[in-house]
Each structure stands twice: as C-alpha cells, then as structure tokens.
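Trainee: Sharing a structure with you now.
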Amino acid sequence: MDLEFRPEEEQFRKKLRQWLEENVPLSGLRGADPNATRDKAAIEKARAWQRRLYDGGYVALAWPKKYGGQELDPVRQSIVNEEMVRARAPGLVGGMGISMLGPTLISWGSDEQKRRYLPKILTAEEIWCQGYSEPNSGSDLASVQTRAVEEGDYFVVNGSKIWTSAAHHADWIFLLTRTDTEAPKHKGITYLLVDMKTPGVEVRPLVQMTGARGFNQVFFEDVRVPKANIVGQKNQGWQVAITTLMFERSGGHDRGLMRQVHDLTALAKRLPRNGRSAWDDTTVRQRVAQFAMEVEAIKYTGLRNLTRQLKGLPPGPEGSMMKLCATELGLKIATFAMELLGPYSQFEHGAAFAMDQGTWSHRMLAARGPTIYAGTNQIQHNIIGERVLGLPKG
C-alpha cells in the first residue's frame, strides 16, 4: 500500500486549505457539533455552512454525479475530513445523512428514492436521524419491538426509539421496525424512511451529564408511513441496517484525536509540577507519546479501509477495529488529563479558574458515550473475535 499522497492530491489539499481559511466561520459555530444544540438559530447557521461547503465542492466527493457528488476517489474525501479537523471547522449538521443513509440508499434504494432524497441530504435541506436503539433493545439491535403493521398502502408504526441524536431538528428518520413477529429476530425487520412531521411522532430530549441536549427519545403513535418508503424489501431490513452500520463504523474515528494529543501536550507544558512543568516529567512525555503512536496506528488502519474502497470493496472489519481502539483511546486521553489537572479537574465546563475553560472535564464526561454508541465496544470485540479471527463463541 502506497502511503504517500500523489502530487495532484497534495495540490487538492492546498486549494482546500486556502478555501477553508477564507470560509470557515470565525465565531459561533467554529469547532462545534451543531447536533448537540437545541438553538434553532445555530442549527440554521449550520445548514448554511454545509450548503456553503457543498457549493464549494467539498461534500460527498465520492458520490455519483447524478446524485450531487463528483465521482472522485475516496482519497479526496479523506483529505477533506483531515483538513476540516485541522481548520477546526464546524461539524456537518447533515453528517448522518451523508455518511450513513446516503451510502445505504446508493446501495439499496430505488431509483426514485435516490433522486428524491440524496440531493437534499447533501445541501442540508433535509436533515436525518437514526432510529435504531430502543429502551429494551440496545446492543441486541435485532430484538427491536417497534411495530409496523400493514394497512392498505401504508404501514402504521407504534413504539419508541432512544438515544436518537439530532432528532430534535431532523426532518426525517431512517427507522428499523418489526413487521413479522413470528419470524426469527433477524428476520421480520423492515427499514423505513419516516417524515418527522408525520402526525404521531413526538420527540423528547435526554439531557446528558455534560449538559448537552442532542440525544432524544422518539415516540411513534399510529404513525402512517407510505409503503413506498421501504428501503430494500419487507422483512429483509436487517441486511440494509448492517450496511448502514458498516458505513457508520468505518468513518474517520481518528479525526480530532491527534488534536487532543496536541492540546494535552500544551496543557502539560503549562501545568506546574515540583517547580517545573509537567512536561518536564519523563513519564508524562512517554504517556503522551504513546497516545500519539496509537492515533497514528488508528490512522493507518483507516488507510487500509480506504484502500478497500479504492478497490471497489465495501467497508471491512477495520471499521470495528477503528471504532473500538479510537473510543478507548479517547477515554484514556481524557482520564490522563484528569490526572494531570488534579484538583483543577473538578471545575466544570466554563467555570471560572478552570484550565482550558473546563474543556477536559467536559471531554471526560463525554468520553464514555462513544464506547457505547454505534455498537458497544463489547460488541466490537465479538465481531472482531468471531468474524475476523474466527474464534469460537464462548
């Protein structure tokens, strides 16, 4: 595998870097996750930012041209992702549609669905959220109980979904439903596209311990969904759902981690310890160096996945490996920052006298979440052990 970027790719990076310097918002959204807020004005700014990025030619570069992409190889998109992090650009409010639903529709959707939904995903005209987890079926995704019962040209949906990021401002949700209660649990599942403005859909916020309000529980009471909104076939939604998960887990888990390592280095250089800085302690430097090496390992694992895409192959087991290692590393970095800060680690985000405005305590509180969502890390261990290494089930 050639790990060097070609001259034309570096030229693309140079052009993109200049564009970001001229266009990234300098205030308000910079470096933010727009899906973590309930501020309608901020969400509209985030829509405008994604539209600006799309108009600049830097959204979903590998998608087919007829659906709004440029049919470029995935390397260009990888460069965009790297430079967005470097520039501390805002996240994309429509990122879930771009990285998860869009590729799923390209693989499984009808021609009409592709024409209808894909262009509006790219411009953030329509924002999507994911209806997978339920209160009584988290890691065991195939045990979903949200029912969809046929009634003429519609399905009538009843049930609820939980941990639904961005549901509070999403226009649509891609939803797993149970359409055959007699079939084995991996059968009888149907993948539906549901308009969030449909009567009977209710969104309630779930406030995290960081104070963020981006998670939600979504309730469905006699929600009528046209049968034309099935992706794939009735009762065969599990295969479609797995496709979505493969794209979710394969996407850029190293992004932002090296920035955290750099931030940690800067913190250690400012923190006093025994008349010197914490950075002067050899053990501190060794820990930070270990974090940096692990980020690089995750990066090159991602390049293996990128190589698969360049060969026209679907995402492979590297996605589970990256998800597992990156989320564990994020937790380790945040934990070590707490050790360095000592008593200062108790200051909450934005508190007076907090080092780095309390960013590290906020990261620590948030760091457990990624080890749970997109399939818990225990699930990733099972996937790697059983499907990659061929180990027997315990």
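Trainee: Which ³J(HN,Hα) values in Hz, rounded to whole numbers, follow from the phi angles of the stretch 297-306 under the Karplus curve 6.51 cos²θ - 1.76 cosθ + 1.60, where θ = phi - 60° and Gly and Pro get x?
Mentor: Computed from phi, the couplings for the stretch 297-306 are 4, 5, 4, 6, 5, x, 5, 4, 5, 5 Hz.
Trainee: Next up: Would you mind calculating the gained length between Thr335 and Leu310 on full extension (0.36 nm times residue separation, minus the Cα-Cα distance), in nm to one decimal? The partial results should precede the final answer.
Mentor: On the way: separation 25, 0.36 × 25 = 9.00 nm, distance 3.68 nm.
Taking 0.36 nm per residue and subtracting the Cα distance, the gain is 5.3 nm.
Trainee: Now a separate question. Got a number for the accessible area of Lys185? Probe 1.4 Å, square angstrom, nearest 10.
Mentor: 90 Å²
Trainee: With all protein chains present, how much of the accessible area of the stretch 295-394 (probe radius 1.4 Å) comes from carbon and sulfur, to the nearest whole percent? List each step's numbers first, then the result.
Mentor: Numbers: 3210 of 5440 Å².
Using a 1.4 Å probe with all protein chains present, the stretch 295-394 comes out at 59 percent carbon and sulfur.
Trainee: For the chain, what does -39500 (n - 2.57) per DSSP helix run (n ≥ 4), summed and divided by total residues, give at 222 nm, in deg cm²/dmol to the nearest 500? Walk me through the intermediate numbers first.
Mentor: Working: 11 runs with 160 residues, N = 394.
Taking each H run of at least 4 residues, the total per residue is -13000 deg cm²/dmol.
Trainee: Excluding ligands and nucleic acids, what accessible area in Å² is computed for Thr307 using a 1.4 Å probe, to the nearest 10?
Mentor: Approximately 40 Å² of Thr307 is accessible to the 1.4 Å probe.
Trainee: Another question, then. Between Arg368 and Arg273, take the C-beta separation as r, use R0 = 35 Å, and let me know the FRET efficiency to the nearest 0.05. Can you show the working numbers first?
Mentor: Working: r = 28 Å, r/R0 = 0.79.
The value I calculate is 0.80.
Trainee: Between Arg115 and His262, what length comes free when the chain is fully extended (0.36 nm per residue of separation minus the Cα-Cα distance, one decimal in nm)? Let's see the in-between values first.
Mentor: On the way: separation 147, 0.36 × 147 = 52.92 nm, distance 4.29 nm.
Length gained, Arg115 through His262: 48.6 nm.
Trainee: Taking the Cα centre as origin and putting +1 on Lys and Arg beta-carbons and -1 on Asp and Glu beta-carbons, what dipole magnitude results for the stretch 72-190, to the nearest 20 debye?
Mentor: Here the stretch 72-190 has a charge dipole of around 320 debye.
Trainee: Check which residues have an amide H placed less than 5 Å from Cys129's amide H, if you skip close sequence neighbours.
Mentor: Amide H to amide H, under 5 Å and 5 or more residues apart or across chains, Cys129 pairs with Trp172, Ile173, Phe174.
Trainee: Go through Arg368, Arg115 and list them by solvent-accessible area, largest first, probe radius 1.4 Å.
Mentor: Output order, biggest surface exposure first: Arg115, Arg368.
Trainee: Oh, and also: Which of the aspartates and glutamates could a cross-linker bridge to Lys311, judged by Cα under 15 Å and excluding same-chain residues fewer than eight apart?
Mentor: Answer for Lys311, where 15 Å is the Cα cut-off: Asp2, Glu71, Asp73, listed by chain and number.
Trainee: Which lysines does Lys185 reach when only Cα atoms under 30 Å apart count, and residues fewer than 8 places away in its own chain are ignored?
Mentor: Hits, sequence-local ones excluded: Lys114, Lys161, Lys197, Lys227, Lys234, Lys323, Lys393.
Trainee: Of the heavy-atom accessible surface of the stretch 11-90 (probe 1.4 angstrom), what whole percent is carbon and sulfur?
Mentor: Of the solvent-accessible surface of the stretch 11-90, carbon and sulfur hold 47 percent.
Trainee: Of Ile372, Ile106, Ile43, which has the most accessible area with a 1.4 Å probe, and how do the rest follow in descending order?
Mentor: Values: Ile372 105, Ile106 50, Ile43 10 Å².
Ranked list, largest accessible area first: Ile372, Ile106, Ile43.
The values are calculated or read from the model by the stated rules, or taken from the named source; none is laboratory data. Source: prediction; values computed, not measured. Glycine gets a Cβ as well: all are built from the backbone with ideal geometry, and neighbour counts include every protein chain shown. The protein model used for the area step is the full one, side chains on, heavy atoms only, and it has no ligands, DNA or RNA in it. Shrake-Rupley method; radii C 1.70, N 1.55, O 1.52, S 1.80 Å.
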